[in-house]
Amino acid sequence: MNIFEMAHIPLNKAIEVMQLDAGAAAIIATPERTLEVSIPVKMDDGSTKVFTGYRSQHSTVLGPAKGGVRYHQNVSMDEVKTLAFWMTCKCAVAGLPYGGGKGGIIVDPAQLSKRELEALTRGYIDKIAPLIGEKKDIPAPDMNTNAQVMGWMMDEYSKIAGQFEPGFITGKAIGVGGSLGRTAATGRGVVVAALEALKLQGIEPYEATAAVQGFGNVGSWTAKLFCDAGVKVIALGDVNGAIYKADGFDCYDVDAYAKKTGSIVGYPGSKPITNAQLLAMEVTVLAPCAIELQLTKENAADVSASIIVEGANGPTTPEADEILEEKGVLVIPDILANGGGVTVSYFEWVQNLYRYFWTEKEVIDKQTEMMIKAFHEVHAKAKEYGVPLRVAAYIVALGSIAEAMKIRGMV
Ligand code: NAD
């Protein structure tokens with residue numbers, strides 16, 4: 001089963017449970033459009049290399065398409081289409097006036113010089129320019145793209161449009177219209193969702209422990225904000241390995257160590273453990289914040305956490321979901337748990353359209369309020385239909401999308 005088919009399993013359950021209109025179900029099953037582009041780049045050695053890129057707009061029913069651009073050697077059209085589909089659902093669950101999109105280029109950016117990376121980025125924007133714009137499709141960072149890449153994209157698109165276009169892209173540096181609070185936003189949302197789940201289970205944050213897989217943008221902020229909330233973080237992992245500390249990490253100090261050394265592994269006073277041990281750790285909350293397909297039918301039975309909060313996109317396979325449900329583990333799904341990033345991207349876009357900027361406190365307060373509302377809306381649907389939170393999140397998303405389709409005369 002490829003990732004696109006896997007992503008449709010909970011969607012199809014939701015369609016069945018809520019008895020969604022067949023026309024709406026057929027529309028949601030495929031992206032509105034997917035563009036494949038070839039991007040020639042003059043390399044530093046004088047040769048010319050042609051890279052392949054994609055932009056998929058899964059849906060523009062609720063608003064312009066919204067979603068990041070990923071630079072990775074394993075990018076494929078299937079992956080981009082799946083991520084675009086998740087964005088549609090994520091934006092709808094969060095209550096944002098957006099559809100879903102995603103882009104990607106097949107490239108290992110570590111192999112390019114800064115000049116080559118800038119040329120590739122500008123070439124990609126030139127090729128997808130007819131599809132994008134602040135009212136059409138708004139890109140953002142994803143794996144291996146950052147505020148610098150967004151800055152080049154904004155500059156290139158502004159040149160094409162012949163005017164300053166900050167609202168066409170989010171995740172920018174503050175100096176060119178970025179929003180305060182964006183860097184920590186996804187991790188903040190993960191923690192807000194986990195704290196709401198703890199409340200439901202009658203557990204105070206200071207009574208809870210956590211294990212976090214991944215220590216990049218999402219994982220490091222999730223870990224640090226768990227610490228701020230009083231949750232004891234006892235296990236951390238990254239691509240190089242995992243570490244354990246029974247009395248809990250000072251995650252800000254681990255972050256400083258990882259920034260200095262390039263990994264959390266070897267952090268003074270920690271005990272090395274395996275990635276498998278991290279995922280099976282006896283903790284209250286397990287937060288997979290690294291990559292897809294981490295909890296599978298092979299290891300789901302080993303999970304000891306009572307709550308899983310998915311910072312990463314697609315970390316749990318459908319088979320693992322079934323095992324976790326049988327074990328009574330509460331899984332807060334990606335399209336709910338990691339929607340904090342796109343929520344603050346939406347705030348950035350609003351600020352760009354207004355040319356008026358908010359304080360960090362305003363951003364955090366508004367984000368927290370929206371995420372708590374989304375969490376309880378999904379939880380209420382789960383109770384109403386007797387389904388897991390993942391299926392309930394799709395029911396919430398499909399409800400808004402199908403209503404808009406009906407009003408727009410599409411079904
Ligand atoms: P990142 O590249 O900053 O960090 C990824 C982390 O995962 C790194 O610490 C890396 O070492 C670790 N990792 C990679 N492979 C691993 C493996 N096999 N085992 C254990 N650890 C591994 O990426 P990020 O922006 O933090 O994104 C992480 C996940 O969250 C992705 O699935 C992404 O799509 C999703 N996500 C990110 C955002 C965002 O705002 N950055 C928003 C929503 C969802």
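So the values come out like this:
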| item | result |
| --- | --- |
| Sole exception among (1) open to solvent by 10 Å² or more (accessible area, probe 1.4 Å); (2) in a helix (DSSP H, G or I); (3) touching a residue at least 12 places away in the same chain (Cβ under 8 Å) for Lys135, by number | (2) |
| Selection status of Val218, buried (at least 23 other Cβ atoms within 10 Å of the Cβ), of a type outside the set (Lys, Arg) and either closer than 19 Å to Ser304 by Cα or assigned by TED's automatic domain parsing to the domain that holds Trp152 (or both) | no |
| Any hit, the range 363-381, residues being more than 17 Å from Leu195 (Cα to Cα), within 16 Å of the ligand (Cβ to nearest atom) and either open to solvent by 60 Å² or more (accessible area, probe 1.4 Å) or not acidic (Asp, Glu) (or both) | yes |
| Residue, farthest from the chain's Cα centre (by Cα), within the range 299-334, restricted to residues that are of a type outside the set (Asp, Glu) and near the ligand (Cβ under 10 Å from one of its atoms) | Pro315 |
| Condition met for Ala393 (surrounded by 24 or more Cβ atoms within 10 Å (Cβ to Cβ), within 16 Å of the ligand (Cβ to nearest atom) and modelled with pLDDT of 95 or more) | yes |
| Exclusive hit being basic (Lys, Arg) and either open to solvent by less than 10 Å² (accessible area, probe 1.4 Å) or out of contact with any helix residue (DSSP H, G or I) (no Cβ under 8 Å at 6 or more places or on another chain) (or both), set Arg70, Arg55, Arg33 | Arg55 |
| Single residue of Gly177, Gly189 found to be within 13 Å of the ligand (Cβ to nearest atom), crowded, with 18+ Cβ neighbours inside 10 Å and not aromatic (Phe, Trp, Tyr) | Gly189 |
| Listing of strands (runs of 3 or more DSSP E) fully contained in the range 237-327 that carry 1 or more residues being open to solvent by 20 Å² or more (accessible area, probe 1.4 Å) and not acidic (Asp, Glu) | 241-244, 271-273 |
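The values are calculated or read from the model by the stated rules, or taken from the named source; none is laboratory data. Please read these numbers as outputs of a predicted model, since none were measured by experiment. Cβ atoms come from the backbone with ideal geometry, glycine included; neighbour counts cover every protein chain shown. When the accessible area is computed, the model is the full protein with side chains, heavy atoms only, and any ligands, DNA or RNA have been set aside. Shrake-Rupley method; radii C 1.70, N 1.55, O 1.52, S 1.80 Å.
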